[in-house]
Amino acid sequence: MPHLVHSAIAFGDRPAIHDATGTVTYAALHAHAARVATALLCDTDDLHEARVAVLVTPGAAWVAAMWGVWAAGGIAVPLSPQHPPAEWTYALDDADATALVVDAALHDAIAPVAQARALHVTMVETTDAPRTRLPLIGAERRAMMLYTSGTTGRPKGVVHTHGTLAAQIASLIDAWAWTAADHTLLVLPLHHVHGIVNVTCCALAVGAQLTMHARFDASSTWALLQTRRLTCLHAVPTIWARLLAAYDAMSPDEQRQSRAAVAALRLIVSGSAALPVLVLERWRALSGHTLLERYGMTEIGMALSNPLHGMRVPGHVGMPLPGVEVRAVDDDGHPVAPGVPGALEVRGPGVMREYWRRDADTRAAFRDGWFRTGDVGVLEDTAGGKSWRLLGRQSTDILKTGGYKVSALEIEDAVREHEAVAECAVVGLPDEQWGERVAVAVELRAQASLTLDELRAFLKPRIAPYKIPSALVTPESLPRNAMGKVLKPAVRALFGSA
């Protein structure tokens, strides 16, 4: 957004980004963004919210591309280098993109798609002399279009304005005490709000340092933690689990160095999917920190967070962030009392403007100014005070079996306690007698085995009988998206094929 782009001038020669090419200062980053904006504008003065796809390897050039689109008055549509051309094509066509910013490494892969759509292609390595004057961009202007994960249907383009993004960034800077003294690491994809806003934008908005990796690698992440004075690390549950697996394979001396490195961090955050309690407990034992869980989604940015200072309760995601309101409602839209599960609704300045060219979906997503998240949660009293606990998605994680409403997340936590289980996903299968049968797909640990009878016997003293799965499959790995989030419709299909 404009204030973020221009704030880089104030940070001058401070190091901004460390990536595979070296270190880039804020001044150099600002100049690069101005060159991209100039190349995009060509012979016009303002892009007037034209959609500009960004396909650039994570690093300083990616930031320059995004800032360049914003400075030129366009709507940035980030694409993932890990996606196949079919997914690029879907986003380009749905967004009705007219231009593309791409780097040399990815140009050939997307060139046929770009040529077929007559996109104006700008190389992020452009050497165009930057314009001295760029358009003035107001907070109400559309700034970015992110596509939903597609876990429950075709991805939708979520439109945020410069104002909604600024509100999200300001809220997190306040809640998590970001300062120019911070140095964080990006190992997350840059086509989701987690990597873009929570990490990249927050760090650069305060003049902090950001080390950017093109993709996550457990060994290089541990090496960086040991050699650089990082203060923050944000990741998804899958990454936290893989870091633990890499830690377990280290020598005792390497483990000692790794423990010291993570103990020195001031903030470690987990999000984008439910964090298994066992993973949280192992990280607490290893680092002395309790991973800070938060809750958000593409449409609203972050809404709930455990406290930066204070008790963090496993399985809970805390209270509303600054400027955000959260409530739970019943089926008729009436607020429910604390302790009673309900559909979560969110209101605040960071909520999206719209689903791109989906007026009916946009209207259905709001109720009296509140965004309907589609998630179910409950506000509970805990040892650390009141805190929200998520029960899952209404459409995929709340199962109706034998007249009971059951949380798939609760069952998954119980299943993960079995020593043979590395990860799992619970879904409902249609059943004439019960409405839905509880079914579980399990990723097994190396050399482990598990039968349905063994699992049922294990769960019998742990959860109610109607919550115990009656079907089990053990795929080599669970189907996931780029953020590591399990795709429940694909999990359900595993039982059909079995």
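Quick note: the coordinates plus some simple rules give every number you see, no bench work behind them. Bear in mind that the values here come from a model prediction, so they are computed numbers and not experimental data. Neighbour counts run over all protein chains shown; Cβ positions are idealised from the backbone, glycine included.
Here are the numbers for this structure:
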quantity	calculated
Farthest toward positive dipole pole in the chain [+1 Lys/Arg, -1 Asp/Glu at C-beta], among Pro322, Tyr26, His191	Pro322
Fraction of antiparallel bridges per DSSP, the chain only, in percent to nearest 5	65
Global form of the stretch 398-497, assessed from the alpha-carbon gyration tensor, a/c cut-off 1.5	oblate
Sorted by Cβ neighbour density within 10 Å, fewest at the top, the residues Glu410, Glu423	Glu410, Glu423
Residues whose placed amide H lies under 5 Å from that of Arg445, excluding near-sequence neighbours	Val421, Ala422
C-alpha long axis of helix 252-263 to longest principal axis of the chain, angle in °	70
Over the chain - Rg/Rh using Cα atoms and the Kirkwood inverse-distance radius	0.97
Spin-label proximity, Arg228 to the stretch 41-60 - amide N less than 19 Å from point 7 Å beyond Cα toward beta carbon	57-60
Full-stretch length increase - Arg131, Ala105 - with 0.36 nm per residue and alpha-carbon distance subtracted	6.7 nm
Antiparallel DSSP beta bridges within the stretch 2-137, as percent of all bridges there, nearest 5	25
Relative contact order (%) - the stretch 2-137, alpha-carbon pairs under 8 angstrom, separation at least six	27
Debye log10 I(q)/I(0) for the stretch 271-428, one point scatterer per Cα, at q = 0.11, 0.17, 0.19 Å⁻¹	-0.47, -1.09, -1.30
Rounded tilt (10° steps) of 488-497 against the dominant C-alpha axis of the chain	50
